[in-house]
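Peer 1: Before anything else, here's the structure in question.
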Amino acid sequence: MTSRPAVLVLAAALGLGALGTDPPALAKEAAGSLSPIQAEAPAPRAKAPGLRVRTVVGGLANPWDVQPIGGGRFLVTERDRARLSVVRKGQRRTVRFPSAKVWVSGETGLMSLAVDPAFDRTRRFWTCQGWKTGSGQDVRVSLWKLSDDTRRATLVRHVVTGLPTTSGRHGGCRVLLDTGSTALYVGTGDAADPTNPRSLTSLGGKVLRVHRRTGRALPDNPFADAADPRQRLVWTYGHRNVQGLAQRPSDGSVVSVEHGSDRDDEVNALSPGADFGWSPGPGYDESVPMTDQSLPGEQTEAIWSSGNPTIATSGATWVEGRQWGSYAGTLAVAALKGEEVLFLRFDDDLVLQRTLAPAALQRYGRLRSVTRIANGHLLVTTSNGADDRVLRVSPR
């Protein structure tokens, strides 16, 4: 059973400016009859400004995430090098931390970042990474404290451990601090294990919601009373490989972005206990739908899907500020294979209205993460494997 209609729209801009496309339902409505009043007073649509793209820092290899820490400084993770850096005024300096403990394999390594809003006082930040354990490895979320001179990070505690991993495929992992509570959201991958996405006692193929400092389940989680402590952490399930999480400033709603198999990358609107329908079954059969409506119960359809083929959507953030014109209020989604950033406009009910794909961001190769900073500018990381960069994107 479907709880939200699927809207499948993919736009690619081939010109020098931004290209907009409207869903068929909107085009049909526009083609219908209009009253004289409607025809004389159409709602004005903001224009898309030109974009200025500058390099913040180069010489990186697969930077997975970037987050500001104040004073014009940024933390950057590099997945395969397991390297954490502070960047300021175009200069990069390595932060000492137990990088030898980071397990790097396939799509897994040093990945997502989240910075305490009170960082000036606490010096704390979170990472998600593969980790070497006494009996093998897992993926885990860790809380760190950065020294005053930004040269060393000390482990405070591992907040969530035991995220499943096998070869390193589908390791997730995106973390997001809730702006209105003590919650930390963790988007995980299914580790290419067919049982993980739908097993409520597995932490793979989920979005988890935990207390940001302790890692404990929050009392209003949908399975907070479950007997298994792992199930208590689950916010949503039935995911394949969550790569992005973003919270809309206007209403606090959270969306996830994830990779499809050979079709249907997705943006999903999260609600407690929702099942997003990924169930590859015995042998990890990736020919099944991303949202399989033949499964028992109710599966929630995506609010955006790439269709066929995939573009490998990844990190995302909401765009804010009148200076952004028609980009303001959109969800900016980076694409690895698609080598672009899509700006998706949704209405108040998270129904897709319009897609923009500016050509200015189609010349840097694979793009991994998008981060909004205090002045509304966006930071975008490239993921080409060599001579990667952090880009700053601003409206002209």
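Read-outs throughout are calculated quantities, based only on the coordinates presented, and are distinct from any laboratory measurement. All values derive from a computational prediction rather than experimental measurement. Note that each Cβ is placed from the backbone with ideal geometry, even for glycine, and that neighbours are counted across all protein chains shown.
Peer 1: From Cα pairs below 8 angstrom and at least 6 apart in sequence, can you work out the relative contact order of the chain, rounded to a whole percent?
Peer 2: Reported relative contact order: 19 percent.
Peer 1: Still on this structure, I have one more. Going from the alpha-carbon gyration tensor of region 138-218, what semi-axes, largest first and in whole Å, does one get by taking the root of 5 times each eigenvalue?
Peer 2: 25, 16, 10
Peer 1: Another one. Quote the relative contact order of region 148-256 in percent (integer), defining contacts as alpha-carbon pairs under 8 Å separated by 6+ residues.
Peer 2: Numbers: 230 pairs, mean separation 27.4, N = 109.
This gives 25 percent for region 148-256.
Peer 1: Can you tell me which of Glu301, Glu340, Glu286 moves the most in a GNM of the chain? Springs connect C-alpha atoms under 10 Å apart.
Peer 2: Maximum among the listed residues: Glu286.
Peer 1: Further question: When the helices in the chain are scored as -39500 (n - 2.57) per DSSP H run of 4 or longer and the sum is shared across all residues, what 222 nm value do you end up with, to the nearest 500 deg cm²/dmol?
Peer 2: Working: 3 runs with 17 residues, N = 396.
That calculation yields -1000 deg cm²/dmol at 222 nm.
Peer 1: Taking the chain as a Gaussian network, Cα atoms linked when under 10 Å apart, which of Ala359, Ala312, Ala114 shows the biggest mean-square fluctuation?
Peer 2: Evaluated over the chain, the most mobile residue of the options is Ala359.
Peer 1: From the Cα gyration tensor of region 296-396, with a ≥ b ≥ c the square roots of its eigenvalues, which class applies: rounded if a/c is under 1.5, or else prolate if a/b is larger than b/c, or else oblate?
Peer 2: oblate
Peer 1: Dipole size in debye (nearest 20) for region 130-226 around its Cα centre, Lys and Arg Cβ +1, Asp and Glu Cβ -1?
Peer 2: In total the dipole reaches around 260 debye.
Peer 1: From the P(r) of the chain, could you give the percentage of C-alpha pairs in the tail past 26 Å?
Peer 2: Working: 39433 of 78210 pairs.
The proportion of pairs with Cα distances above 26 Å equals 50 percent.
Peer 1: Would you list, by chain and number, the aspartates and glutamates whose Cα falls below 17 Å from the Cα of Lys47, excluding same-chain residues fewer than 8 positions away?
Peer 2: Here the aspartates and glutamates satisfying the reach criterion relative to Lys47 are Asp22, Glu320.
Peer 1: If each residue's Cβ is checked for other Cβ atoms within 10 Å, how do Asp149, Asp275 rank with the fewest at the top?
Peer 2: Sorted ascending by nearby Cβ count, the order is Asp149, Asp275.
Peer 1: Report, ordered by chain and residue number, the lysines lying within cross-link reach of Lys145, taken as a straight Cα distance under 18 Å and ignoring same-chain residues fewer than 8 apart.
Peer 2: Lys101
Peer 1: Oh, and also: How large is log10 of I(q)/I(0) for region 170-328 at q = 0.19 Å⁻¹ when the intensity is taken from the Debye formula with one equal scatterer per alpha-carbon?
Peer 2: So the normalised log intensities work out to -1.17.
Peer 1: Just name one of Thr330, Ala360, Val341: the one whose Cα is farthest towards the positive end of the charge dipole of region 312-396 (beta-carbon charges, Lys/Arg +1, Asp/Glu -1).
Peer 2: Positive-most Cα among the choices belongs to Ala360.
Peer 1: Using alpha-carbon positions, what is the distance between the centroids of region 219-235 and region 289-344, in Å?
Peer 2: 28
Peer 1: Next up: Tell me, what is the percent relative contact order of region 74-202, built from C-alpha pairs under 8 Å that lie six or more residues apart?
Peer 2: Values: 280 pairs, mean separation 23.6, N = 129.
Rounded, it is 18 percent for region 74-202.
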